[in-house]
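Presented below is the structure to which this report refers.
The values are calculated or read from the model by the stated rules, or taken from the named source; none is laboratory data. The model shown is predicted, which means the values in this text are computed figures rather than measured ones. Note that we place each Cβ from the backbone using ideal geometry, even for glycine, and neighbour counts take in every protein chain shown. The accessibility values were calculated without ligands, DNA or RNA, using every heavy atom of the protein model including side chains. Shrake-Rupley method; radii C 1.70, N 1.55, O 1.52, S 1.80 Å.
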Amino acid sequence: MSNVRWFVIVSKETDRALRAYLARKGSKKSDISRFVNGAVLARLFELSVRDLKQRNRTHSQKAILKAVEEALEAV
């Protein structure tokens with residue numbers, strides 16, 4: 001996996017809170033990147049789920065479950 005460098009700006013309060021949290025966990029400065037990466041992935045997942053729920057609002061739960069069952073049987 002190759003890495004990409006980001007430059008982000010956060011408030012001093014956010015910086016202090018994150019550094020304090022990581023310090024309590026015994027983490028190092030380099031763990032900020034891992035924390036941000038995890039936070040971005042979690043947020044993207046959350047937004048994807050929200051979008052899917054919104055897109056599927058017009059379908060009944062019964063119809064969705066039936067489609068899932070049919071797809072699983074096909075595999």
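With all protein chains kept in place, the per residue accessible area of the chain amounts to 99 square angstrom at a probe of 1.4 angstrom.
According to the Kirkwood relation over distinct C-alpha pairs, the hydrodynamic radius of the chain is 16.1 Å.
Other residues within the sphere of radius under 11 Å centred on the Cβ of Ile32, judged by their own Cβ, net out at +2 (K and R +1, D and E -1). For Lys29, the lysines whose Cα comes closer than 17 Å to its Cα, not counting residues fewer than 8 places off in the same chain, are Lys12.
Between the C-alpha center of region 6-25 and that of region 42-60 there is a gap of 29 Å. Only helical runs count toward this figure. For the chain, summing -39,500 (n - 2.57) over DSSP H runs of n ≥ 4 and dividing by all residues gives -23500 deg cm²/dmol at 222 nm. Relative to the longest principal axis of the Cα atoms of the chain, the long axis of helix 12-24 makes an angle of roughly 90 degrees. For the chain, set up a GNM with springs between Cα atoms under 10 Å and report which of Leu41, Leu18, Leu65 has the largest fluctuation. Maximum among the listed residues: Leu65. When the residues Leu72, Leu22, Leu47 are ordered by accessible surface, computed with a 1.4 Å probe over the protein chains alone, the sequence from largest down reads Leu72, Leu47, Leu22. Extension gain, Val40 to Thr58: 0.36 nm times the residue separation minus the Cα-Cα distance gives 3.6 nm. Taking the Cα centre of the chain as reference, the dipole from Cβ charges on Lys and Arg (+1) and Asp and Glu (-1) amounts to some 500 debye. Using a 1.4 Å probe on the protein chains only, how many percent of the accessible area of the chain belongs to carbon and sulfur? So the carbon and sulfur contribution to the accessible surface is 58 percent.
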